[in-house]
Every structure is written in C-alpha cells, then in structure tokens.
C-alpha cells in the first residue's frame with residue numbers, strides 16, 4: 001500500500017508522466033463532471049420537492065453548498081501542495097499550487113454571492129459580520145492573495161515558495177470556516193451534510209445535492225488538470241519531450 | 001528521509017503549529033466580539049450591557065408573540081432554556097419568523113428583561129424537508145417533524161438548549 005502511494009508520488013511528480021496521465025484522464029473527467037453537474041442541478045432546481053418553510057428559495061443550496069465545499073477543499077489541496085513544494089521542492093506541487101487557485105477563487109466568490117442572495121429571503125439580510133461569513137470572505141482574499149503573489153514574482157520557483165507559505169498558513173482559516181458555526185454564535189446555521197451520522201436533509205433533496213457536489217468537484221479537478229498541463233508545458237518548454245510534442249505533425 | 005528535508009519539514013510544521021495556537025488563542029480571547037449576538041442567559045445574568053447597541057439571539061417562545069392589531073408593534077419572548085426576556089419590535093418580520101425558531105435581533109437592551117429591536121433577522125436550522133414529510137411526521141406523532149415545538153430545531157448555533165438531542169456531534 002505504502003509502496004504504491006510512493007510510486008504514484010514519484011510518477012506524478014514527473015512532468016512527462018503527469019502530462020501523459022492527464023491526457024488519458026481528461027477526455028473522461030470533463031464530460032463526466034459536466035453530465036453529473038447538469039443532472040444534479042436540473043434535478044435539484046426543477047424536480048426536488050419544495051421546502052416546508054423556505055419554499056423554492058432553498059434551491060439555491062444546489063449551487064451554494066457545492067461551491068462552498070469546493071472552495072474549502074481546493075484550499076486544503078493548495079495547503080498540501082504548498083507543504084510538498086516547500087519541504088520536498090517538488091516542481092509538480094508548485095504547478096498544482098498555481099493551477100488550484102483561480103477556480104477556487106471563483107467558487108469562493110460564488111459561495112459568497114449565492115449566500116447573500118439566499119440570506120435576504122430567509123434571514124432578512126444580505127450580509128452580517130458573522131464568523132462564518134467573515135471567514136469565508138477571508139478565504140476569498142487568501143485565494144486572491146495567492147494569485148497576486150504568484151503573478152508579482154517573476155521567477156516561478158521563488159513565486160511558488162512565497163505562495164506555498166501563504167497557502168499553508170491559510171489552511172488555519174479553513175478550520176475556522178468549518179467550525180465557526182459550532183464554536184461561536186453565528187447567524188449561519190450548522191452543517192446539514194454529515195460524513196458521520198445522518199444528514200438533516202430529506203433524501204429527495206439530498207441526492208441531487210450530492211450529485212451536483214460531486215459534479216462540481218470533478219469539474220474543478222478537470223480545470224486544475226487543464227491549467228497544470230499548460231503550466232507544465234510553459235515551464236518545460238526547453239525540455240526535449242516538449243519539443244518533440246510540439247514538432248509532431 | 002534526507003536530513004535537509006527532514007529539517008525543513010520540522011521547521012515548517014513548527015511554524016504552522018505555532019501559528020495555529022496563536023490564532024486559536026486570539027479567537028478564544030476575542031470570542032465575545034466574534035460571537036454575533038448575546039444569548040438570553042448572558043442578558044439575564046447581566047453579562048450583556050444595558051443601553052448599548054448590540055445583537056441578541058434566541059428561540060422565540062411558543063405562544064409568546066403578541067401583535068398590536070392597529071400597528072406593526074409586536075412583542076415576543078426569546079429563550080435559550082437558561083434565560084428568557086421580551087423583545088419589542090416595530091416593523092415587518094422576516095418570512096421565516098415563527099414560534100419555536102431562532103432569531104437574531106439588533107437593537108438596545110432597555111432593562112434586563114426588555115430589548116428594543118430595530119431589526120429582526122430569522123435564523124433557520126440545518127434541517128430541510130418537504131411539507132408532505134413534515135405532515136406525515138406530525139401525524140405519526142414524531143417530534144422531529146413539528147417545527148414549532150422548539151425542541152426539534154437541531155440547533156448548532158450555540159444555543160444551550162437542554163434537549164437539543166440532534167445536535168451534530170462533529
């Protein structure tokens with residue numbers, strides 16, 4: 001088991017192997033993610049039953065929750081990539097760190113906007129400086145900070161080192177986002193979906209939510225692979241395998 | 001592991017652990033300012049300041065909502081099981097305002113048992129179910145279905161209800 005993980009780590013750490021691997025995965029990953037997302041959203045937005053108190057306005061959950069969870073997981077992935085990039089100086093980790101940021105930032109923004117639109121009809125306000133909302137806003141700023149830091153430093157390796165540190169430190173904020181609703185008094189309610197134990201959402205509403213979540217996560221993964229491929233080609237443009245690839249008729 | 005990497009790993013993890021502890025302590029020290037509202041217990045016990053603009057939150061007590069039929073004046077009691085006080089508000093309440101559900105009010109505490117609200121926000125819990133399911137649960141006498149009993153709302157917003165049994169454990 002450990003040996004398999006180690007082999008994967010070394011193989012995916014090689015730009016050539018990563019390029020070949022992603023070429024094989026992407027033609028499947030992208031369509032599957034889009035189909036799942038379309039099915040989940042159509043089911044949730046059009047066919048799922050109405051909610052007893054909120055009526056139809058709860059349906060924004062099918063965009064809000066997938067986007068928020070994607071933004072949080074993407075940030076954790078950036079933290080892990082940052083750790084690998086800092087300690088092992090692995091080039092692919094630096095590439096991943098850069099590839100993860102833009103889509104994650106978009107998801108964090110989508111989460112904030114849909115949350116505000118949902119808050120008005122349910123809570124009666126677009127925004128409160130509540131711990132959950134404020135920490136989510138900080139998550140968006142962290143994403144933007146990482147993108148800015150990477151574009152501000154010209155040398156990609158130097159840029160990656162600075163961004164890795166910010167990515168790792170920012171993971172503390174992800175913990176605050178997750179547990180703010182349990183540790184502090186907030187306007188935002190606690191989590192509905194639970195990994196352990198029963199989720200407090202009816203099955204007819206839960207399945208479309210899980211499908212749209214999975215679809216959006218896979219779409220994020222596909223986007224990361226596409227960005228990472230471009231970045232790999234750019235970084236390795238002087239390497240023999242890239243020249244061969246480009247010169248192929 | 002190669003010793004240089006090991007040293008880097010230890011250094012990076014030490015910095016992270018230090019920062020995490022620092023942030024944890026800061027949040028802990030500032031939690032009264034980070035908490036969005038005072039709980040009824042804090043209001044009744046005197047922890048919340050009188051005559052200051054602030055937010056309070058709690059569950060609306062069943063049967064406590066009294067409306068003036070001529071005006072928009074409404075008075076209701078909120079509780080967290082450890083304290084109860086009255087809130088007076090003049091204006092339109094949010095759609096999700098109902099007895100047994102949580103609210104957050106922005107305004108001034110006039111005395112230990114009376115709060116003058118300028119804005120009332122509805123909290124909603126993390127339970128989502130279709131109306132038919134709730135009807136079926138109510139018919140079957142299941143307490144989890146009735147949204148108005150106040151004991152079912154599954155609050156994880158920090159209300160210290162004695163009987164919030166379905167509070168998530170994670």
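Exactly one residue out of A:145, A:170 is surrounded by fewer than 22 Cβ atoms within 10 Å (Cβ to Cβ) and either within 14 Å of chain B (Cβ to nearest Cβ) or not in a helix (DSSP H, G or I) (or both): that is A:170.
Checking the condition out of contact with any strand residue (DSSP E or B) (no Cβ under 9 Å at 6 or more places or on another chain) and outside any helix (DSSP H, G or I), which residue from A:127, A:118 passes? Quick ask: steps written out before the conclusion?
Values: A:118 fails: outside any helix (DSSP H, G or I).
Every option except A:127 fails the conditions.
Checking B:59, B:25, B:13, B:19 one by one, the residue that is at pLDDT 90 or above and within 8 Å of chain A (Cβ to nearest Cβ) is B:19 and no other. Applying the condition of being closer than 12 Å to residue B:89 by Cβ and buried (at least 19 other Cβ atoms within 10 Å of the Cβ) to the range B:112-139 and asking which residue is farthest from the other protein chains (Cβ to nearest Cβ) yields B:115. When A:65, A:113 are checked against the criterion of being more than 14 Å from chain B (Cβ to nearest Cβ) and at pLDDT 95 or above, A:113 stands alone in meeting it.
Restricting the range A:197-222 to residues that are without any contact (Cβ under 8 Å) to a residue 12 or more places away in the chain and at the interface with another protein chain (Cβ under 8 Å from one of its Cβ atoms), the residue that is farthest from residue B:127 (Cα to Cα) is A:197.
Kindly establish whether residue A:194 is on the phi < 0 side of the Ramachandran plot and more than 8 Å from chain B (Cβ to nearest Cβ). No, not satisfied. Every test in (1) in a helix (DSSP H, G or I); (2) modelled with pLDDT of 90 or more; (3) within 27 Å of residue B:104 (Cα to Cα) is passed by residue A:182 save one, and that test is (2).
What do you reckon, is residue A:230 touching a strand residue (DSSP E or B) at 6+ places or on another chain (Cβ under 6 Å) and surrounded by fewer than 21 Cβ atoms within 10 Å (Cβ to Cβ)?
Judged against the criteria, residue A:230 is not a match.
Here A:25, A:65, A:80, A:16 are screened, and the one residue that is surrounded by fewer than 15 Cβ atoms within 10 Å (Cβ to Cβ) and either in contact (Cβ under 8 Å) with a residue 40 or more places away in the chain or under 29 Å from residue A:171 (Cα atoms) (or both) is A:25. The residue of the range B:1-10 that is nearest to the other protein chains (Cβ to nearest Cβ), among those that are in contact with a helix residue (DSSP H, G or I) (Cβ under 8 Å, 6 or more places away or on another chain) and either surrounded by fewer than 15 Cβ atoms within 10 Å (Cβ to Cβ) or outside any helix (DSSP H, G or I) (or both), is B:5. Looking only at the range B:92-117, residues that are more than 15 Å from the chain's Cα centre (by Cα) and either closer than 27 Å to residue A:191 by Cβ or in contact (Cβ under 8 Å) with a residue 24 or more places away in the chain (or both) come to 14 in all. With respect to residue A:161, is the statement that it is assigned to a helix (DSSP H, G or I), under 27 Å from residue A:59 (Cβ atoms), touching a helix residue (DSSP H, G or I) at 6+ places or on another chain (Cβ under 8 Å) and within 14 Å of chain B (Cβ to nearest Cβ) true? No, not satisfied. Annotation: of all residues in the range B:94-111 being over 14 Å from residue B:58 (Cβ atoms) and more than 8 Å from every other protein chain (Cβ to nearest Cβ), the one that is surrounded by the fewest Cβ atoms within 10 Å (Cβ to Cβ) is B:111. Determine, yes or no, whether residue B:74 is touching a strand residue (DSSP E or B) at 6+ places or on another chain (Cβ under 9 Å), free of Cβ contacts under 8 Å to residues at least 40 places away in the same chain, closer than 29 Å to residue A:127 by Cβ and in a strand (DSSP E or B). In short, yes.
The values are calculated or read from the model by the stated rules, or taken from the named source; none is laboratory data. These numbers were taken from a predicted model, which means no experiment stands behind them. A quick note on method: Cβ atoms are made from the backbone with ideal geometry, for glycine too, and the neighbour counts reach across all protein chains shown.
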